[in-house]
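A quick write-up on the structure given underneath.
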Amino acid sequence: MATNRKARHDYHILEVYQAGIALLGTEVKSLRAGHVSLVDSYADIQEGELYLLNCHINPYTHGTAWNHNPMRRKKLLLHRREIDKLAGKIQQRGFTLIPLSVYFERGRAKVDIALAKGKKLYDKREDMKRRDQERDIGRAMADRGR
C-alpha cells in the first residue's frame, strides 16, 4: 500500500518488526485505496502501548460526517515482550522506531516497524558514492558481455 522511501536513506536500519494496526472501518477502506502517507511518521511507546504517530490516512471519500480523523494515533499490535524489548532499546540515545511500509497480509493491515539510528550527512554521501560505483560496475559488466 505505502512505503517510506526516505527511511533507508535517512536511517541505519538495525531490526525490523511486523506489527498489526488497529484501524477504523473507514481507515481500512481508505488504506485499501492507497491513500496513506508515511512521511515524517514514527512509532512511540505511550502508557505501555505502541502507537504509530503522524501517519496520515486520508478520509474515506464515500464516508459520512463520522469519518475518521486523518492524523489520529494508531495502535500497533505487538507481543508484550517485543514492546518491552523495544522500550529498552529506544531509551538509548539516538534510536527511534520508524515505519518502513504498510500493507495487507491475509486481509489484515500490517506495518513494518524498524529500530533505526539516524545517519549523519557523511554516511549518506558514502551510501550515494557506493551506489554510483555499483551502478558503474554493472554497466561495465553489461558492456563487456556484448
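None of the figures in this text is laboratory data; all of them are computed from the coordinates on show. Keep in mind the model is a prediction, meaning the values are calculated, not measured. Every residue, glycine among them, receives a Cβ derived from its backbone with ideal geometry; neighbour counts consider all protein chains shown.
Neighbour counting of Cβ atoms within 10 Å sorts the residues ILE98, ILE57, ILE137, ILE13, fewest neighbours leading, into ILE137, ILE13, ILE98, ILE57.
With 23 Å as the limit, the listed pairs LYS29/LYS117; LYS85/LYS124; LYS6/LYS119; LYS74/LYS110; LYS85/LYS117 have LYS29/LYS117; LYS85/LYS124 beyond it between alpha carbons.
Label point of ASN67 set 7 angstrom out along Cα-Cβ; within segment 20-36, amide nitrogens under 16 Å from it belong to 24-36.
A Cβ-based charge dipole, computed about the Cα centre of the chain with Lys and Arg at +1 and Asp and Glu at -1, lands at about 320 debye.
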